[in-house]
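These notes concern the structure reproduced below.
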Amino acid sequence: MNFVVDFKHLNDEHHVYKEIEIYDFKDLFYNNETAFVIIGGPWCPKTQAIIGITNTIAKREGLKKILVYNPRFKNVFGEEEDLRDCLTLEHKLDYYFIVEKLGFKNEHKELVQDTLIQKMDTPVFVVIKDGKAVTYYSSKLIMNPYLRYEDSLEDKTLEFDKELTKLISMLK
């Protein structure tokens, strides 16, 4: 993924982002690593909205790297698929691994079709410390032209900054 090309609100060639795959994401837990992860991708308007300001906040707070896990991928037929749809047993197991490790709960009580697994909206910010998910934050903020909640004109940039700063401080 070319972050500066794929994300229209990111114009920093020296950004903090690094793309990871599902096996890298799982290895964070298996290898007792510490990391800050965003689950989302350029196809998601909410992830598009926060990617630039997240980079700015991370740099200001001294965070050198944010891992980005994109749950969408090309399957063996070259078609785009989303891990969160759980179309195969392998994908159900991988997605359940993520939901279980994060302790993810969907506030709307939505489930993935034909499963009892919570449906994850994106983006989700995850703090992993020593192989354990300390916390996550599911942002509902979008850009139009500033950070705000849907159906609201009130600017929420400061609220987002405060929440992200709190999450980053948990890594220290």
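The values are calculated or read from the model by the stated rules, or taken from the named source; none is laboratory data. All figures in this text were calculated on a predicted structure; none of them were measured in a lab. Methodologically, a virtual Cβ is constructed for each residue, glycine included, from the backbone with ideal geometry; neighbour enumeration extends over all protein chains shown. Areas reflect the complete protein model, heavy atoms only, side chains present, ligands, DNA and RNA absent. Shrake-Rupley method; radii C 1.70, N 1.55, O 1.52, S 1.80 Å.
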### Message
At 1.4 Å probe radius, can you tell me the per residue accessible area of segment 1-74 in Å²?
### Response
49
### Evaluated over the chain, the Cα radius of gyration and Dmax, each in Å
15.7, 44
### Task
Measure off 7 Å from each Cα along the Cα-to-Cβ vector at residue 157 and residue 26, then give the distance between these two points in nanometres to one decimal.
4.1
### Summary
Here segment 44-51 yields Karplus 3J(HN,Hα) values (6.51, -1.76, 1.60; θ = phi - 60°; whole Hz; Gly and Pro given as x) of 8, x, 6, 5, 3, 5, 9, 5
